[in-house]
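Q: My questions will all concern the structure given below.
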2 protein chains.
Amino acid sequence: MINELVKKIKQLDAPIVVGLDPMLDYVPEQIKKAAFDEFGETLKGAGEAIWQYNKGIIDSTYDLIPAVKPQIAMYEQFGVEGLAAFNKTCEYAKSKGLVVIGDIKRGDIGSTSSAYAVGHAGQVQVGSKKYRGFDEDFLTVNPYLGSDGILPFIDVCREENKGLFILVKTSNPSSGEFQDQLVDGKPLYELVAEKVAMWGESHMGEDYSYIGAVVGATYPKMGEILRKIMPKNFILVPGYGAQGGKAEDLAPFFNEDGLGAIINSSRGIICAYKQDQYSKFGEENYADASRQAVLDMKEDLKKAFVK
Amino acid sequence: MINELVKKIKQLDAPIVVGLDPMLDYVPEQIKKAAFDEFGETLKGAGEAIWQYNKGIIDSTYDLIPAVKPQIAMYEQFGVEGLAAFNKTCEYAKSKGLVVIGDIKRGDIGSTSSAYAVGHAGQVQVGSKKYRGFDEDFLTVNPYLGSDGILPFIDVCREENKGLFILVKTSNPSSGEFQDQLVDGKPLYELVAEKVAMWGESHMGEDYSYIGAVVGATYPKMGEILRKIMPKNFILVPGYGAQGGKAEDLAPFFNEDGLGAIINSSRGIICAYKQDQYSKFGEENYADASRQAVLDMKEDLKKAFVK
């Protein structure tokens, strides 16, 4: 799957992942109305609304981008019905040829991480049959519990040709509280990065490992150091756009080969129609606004490669 | 809710939480057969089996224990149908007067943590209505992202009179890889504990804070130090029993008032019928075996209070 991701990034010349993080406030009125008319103002109605919203965005952008990243919390807030919409979104995105990065940030002790890995990337045994509960291509995971919280995910990913992005340095303002603490003169996120590089060796693709890292666009200087510690690990970079990360700051996240990073934009794409710049599209044509925002992001990202 | 938890622990003289972490292998044949007869060997059948299994354990133990702790990964592995069983389990446990600790170990950047908090402890707005997607009394959360990953959970808990247990020092063998790293001579888990104590001040109950910590029974020396750093914070202690933690080692987790800790046992209780000690009950009477295991655990825990 990492080989496929790299290939698609090259083909499309777009190291871009669209974050499908739908809030109900983002969903245009006509979609909400149709969903509520059919299912009422219920959790099922909310699930239907965010699924239809996602479908519109996927349909209008799938030929431009290699991957989408649904953030499961945005679905989980609507309970089981929201998670059914998450599942539908992942399935549909895959049917359109997109790589699906499940932004689930799970992580627990060994046996529990195994269950999460099976649930999101593998197959669960039920009597004589096997099923996929959820089915993403990549998962984000949290490293706080150390190796035995991570290795069960890698085991399942190896069997399934799937991959991970492990949190190293997150994009949020307070990420430094624990992640930047110095351990023998070195910040904790570097220790985590060294582990990611090591874990990654056990599940290599052609040029890059199936095991990647998450490093926020909001911390470009750290990105530069982390790029060197993890030369073979793809970096998933959130924080571009709405969170404040600029294209000019993204250069350090890429390798000399122009690869090695994939930049996420969520609100900036899926909620483009609410921005002044794209308001001409109107609420009804929100998906066209998203397409234009992807094209503009692609153009903007070229600044990352100007030497 | 923390006041209620403390009251129930005192009333029952049982600082015990039963971990409802069902693997399908644990579920007695008669329950699996009934579920598969009704729904087939499907995810729905698996969900039904684990729900019925849980119901049996709750029915046979609810008068002895203050709380249950369903581990969501064990449900999530069966996809949406598994999560429906999680929801049913939480609802039923509450209807029997039990406090429900949702072991979800979520944690993300601010807006995303908000969505998780709303989904598991609060109410989500759908048009003019409000719903609870999931509905636990306490949640476990992961601190790796720092304050802005935690505070949205605390905000929702304050509104809802609910609480948290924040991962400080986990019970697994490799928890030290990052958690034990020394920062200015002090292990990282102590820094996290200091934050938990601070965060806890903003949401106090009568004697204890609504904001607690997770510290593994497998690390009693660290438990002793952490107890002092967080005098007003309840400690949820996993790792007793199957993971190797002994009752004698639990003394440091409690305060002078005999309170301040709640000890989790999962397999040791829910899968008691598979142990030699309880095999006389037989598979059909698995719930009676679980009841006896709770009674024995209660007795065993007295060793923690022998000076």
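Q: For segment B:261-271, what are the residues that are closer than 19 Å to B:Lys302 by Cβ and out of contact with any Pro (no Cβ under 8 Å at 6 or more places or on another chain)?
A: The answer is B:Ser265, B:Gly268, B:Ile269.
Q: A further question follows. Just give me the residues in segment B:181-191 being more than 9 Å from chain A (Cβ to nearest Cβ) and surrounded by fewer than 22 Cβ atoms within 10 Å (Cβ to Cβ), in sequence order. Outline the logic, then answer.
A: So the first thing to find is which residues in segment B:181-191 are more than 9 Å from chain A (Cβ to nearest Cβ), and the list is B:185-187, B:189-190.
The answer is B:Gly185, B:Lys186, B:Pro187, B:Glu190.
Q: Right, another one. Any residue in segment B:17-26 that is within 25 Å of A:Val80 (Cβ to Cβ) and among the β-branched types (Val, Ile, Thr)?
A: Among the residues of segment B:17-26, at least one is within 25 Å of A:Val80 (Cβ to Cβ) and among the β-branched types (Val, Ile, Thr), which makes the answer yes.
Q: Which pairs have Cβ atoms under 7 Å, sit 6 or more apart or on different chains, and link a residue in segment B:261-272 that is under 12 Å from B:Gly216 (Cα atoms) to one that is of a type in the set (D, E, K, R)?
A: Filtered contacts from segment B:261-272: B:Asn264/B:Lys69.
Q: Something else now. Of the residues that sit in segment A:3-23 and are in contact with a strand residue (DSSP E or B) (Cβ under 7 Å, 6 or more places away or on another chain) and closer than 30 Å to A:Lys44 by Cβ, which one is surrounded by the fewest Cβ atoms within 10 Å (Cβ to Cβ)?
A: That would be A:Gly19.
Q: Next question. Among the residues of segment B:156-180, write down those that are of a type in the set (Asp, Glu) and more than 10 Å from chain A (Cβ to nearest Cβ).
A: Correct list: B:Glu159, B:Glu160.
Q: Check off (1) within 7 Å of another protein chain (Cβ to nearest Cβ); (2) buried (at least 24 other Cβ atoms within 10 Å of the Cβ); (3) in a helix (DSSP H, G or I) for A:Asn87 and give me the number that stays unchecked.
A: It fails just one condition, (2).
Q: Let me confirm something: among B:Ile72, B:Ile104, B:Ile57, which residue is under 22 Å from B:Gln292 (Cα atoms) and buried (at least 24 other Cβ atoms within 10 Å of the Cβ)?
A: It is B:Ile57.
Q: So, B:Gly56, is that one in a helix (DSSP H, G or I), within 11 Å of another protein chain (Cβ to nearest Cβ) and at pLDDT 95 or above or not?
A: When the stated conditions are applied, B:Gly56 does not pass them.
Q: Go through segment B:248-267 and give me each residue that's under 28 Å from B:Ala73 (Cβ atoms) and assigned to a helix (DSSP H, G or I).
A: B:Asp249, B:Leu250, B:Phe253, B:Arg267
Q: If a residue must be surrounded by fewer than 17 Cβ atoms within 10 Å (Cβ to Cβ), modelled with pLDDT under 95 and touching a helix residue (DSSP H, G or I) at 6+ places or on another chain (Cβ under 9 Å), how many such residues does segment A:226-256 contain?
A: Residues in segment A:226-256 being surrounded by fewer than 17 Cβ atoms within 10 Å (Cβ to Cβ), modelled with pLDDT under 95 and touching a helix residue (DSSP H, G or I) at 6+ places or on another chain (Cβ under 9 Å): 3 in total.
Q: A follow-up question, please. Restricting attention to segment A:136-153, and to residues there that are closer than 10 Å to A:Gly110 by Cβ and part of a helix (DSSP H, G or I), which single residue is farthest from the other protein chains (Cβ to nearest Cβ)?
A: Of everything passing the filter in segment A:136-153, A:Pro152 is farthest from the other protein chains (Cβ to nearest Cβ).
Residue-wise test of (1) in a strand (DSSP E or B); (2) touching a residue at least 40 places away in the same chain (Cβ under 8 Å); (3) within 11 Å of another protein chain (Cβ to nearest Cβ); (4) in contact with an Asp or Glu (Cβ under 9 Å, 6 or more places away or on another chain).
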| site | (1), (2), (3), (4) |
| --- | --- |
| B:Asn3 | no, yes, no, yes |
| B:Lys10 | no, yes, no, no |
| B:Val17 | yes, yes, no, no |
| B:Asp25 | no, no, yes, no |
| B:Lys33 | no, no, yes, no |
| B:Phe36 | no, no, yes, yes |
| B:Lys44 | no, no, yes, yes |
| B:Ala49 | no, no, yes, no |
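Q: Here is a follow-up. Taking the options A:Asp137, A:Asp148, name whichever one is surrounded by fewer than 20 Cβ atoms within 10 Å (Cβ to Cβ) and in contact with a helix residue (DSSP H, G or I) (Cβ under 9 Å, 6 or more places away or on another chain). Talk me through it step by step, then tell me what you get.
A: Details: A:Asp137 fails: surrounded by fewer than 20 Cβ atoms within 10 Å (Cβ to Cβ).
Answer to the check: A:Asp148.
Q: Within segment A:74-89, identify whether any single residue is of a type in the set (D, E, K, R) and over 17 Å from B:Val118 (Cβ atoms), and answer yes or no. Please lay out each step first, then the result.
A: As a first pass, look at segment A:74-89 and keep what is of a type in the set (D, E, K, R): A:76, A:81, A:88.
So of that shortlist, the ones also over 17 Å from B:Val118 (Cβ atoms) come out as A:88.
Checking segment A:74-89: at least one residue is of a type in the set (D, E, K, R) and over 17 Å from B:Val118 (Cβ atoms).
Q: Sticking with this one: Would you call A:Gly82 in contact (Cβ under 8 Å) with a residue 24 or more places away in the chain, in a helix (DSSP H, G or I) and either at the interface with chain B (Cβ under 7 Å from one of its Cβ atoms) or among the polar types (S, T, N, Q) (or both)?
A: yes
Q: For B:Leu167, state whether it is crowded, with 20+ Cβ neighbours inside 10 Å and out of contact with any helix residue (DSSP H, G or I) (no Cβ under 6 Å at 6 or more places or on another chain).
A: In short, yes.
Q: Select from segment A:268-307 the residues that are of a type in the set (Lys, Arg) and either at pLDDT 95 or above or in a loop (DSSP other than H, G, I, E, B) (or both) and write down the one among them that is surrounded by the most Cβ atoms within 10 Å (Cβ to Cβ).
A: By that ranking, first place goes to A:Arg291.
Q: Quick check on my filter: what residues within segment B:107-116 are in contact with a Lys or Arg (Cβ under 8 Å, 6 or more places away or on another chain) and either touching a residue at least 40 places away in the same chain (Cβ under 8 Å) or over 22 Å from A:Asp108 (Cβ atoms) (or both)?
A: Selection gives B:Gly107, B:Asp108, B:Ser113.
Q: List the number of the failed condition for B:Ala115; all other conditions in (1) surrounded by fewer than 24 Cβ atoms within 10 Å (Cβ to Cβ); (2) under 21 Å from the mean Cα position of the chain (by Cα) hold.
A: (1)
Q: Okay, moving on. Please go through segment A:202-226 and pick out each residue that is out of contact with any strand residue (DSSP E or B) (no Cβ under 7 Å at 6 or more places or on another chain) and of a type outside the set (A, V, I, L, M, F, W, C).
A: Answer for segment A:202-226, where residues must be out of contact with any strand residue (DSSP E or B) (no Cβ under 7 Å at 6 or more places or on another chain) and of a type outside the set (A, V, I, L, M, F, W, C): A:Ser202, A:Gly205, A:Glu206, A:Asp207, A:Tyr208, A:Ser209, A:Pro220, A:Lys221, A:Glu224.
Q: Collect the residues in segment B:92-124 that are over 26 Å from A:Leu24 (Cα atoms) and more than 9 Å from every other protein chain (Cβ to nearest Cβ), keeping them in residue-number order.
A: Hits for segment B:92-124 are B:Tyr92, B:Ala93, B:Lys94, B:Ser95, B:Lys96, B:Gly97, B:Leu98, B:Val99, B:Val100, B:Ile101.
The values are calculated or read from the model by the stated rules, or taken from the named source; none is laboratory data. Quick caveat, the model's predicted, so the values are computed rather than measured. A quick note on method: Cβ atoms are made from the backbone with ideal geometry, for glycine too, and the neighbour counts reach across all protein chains shown.
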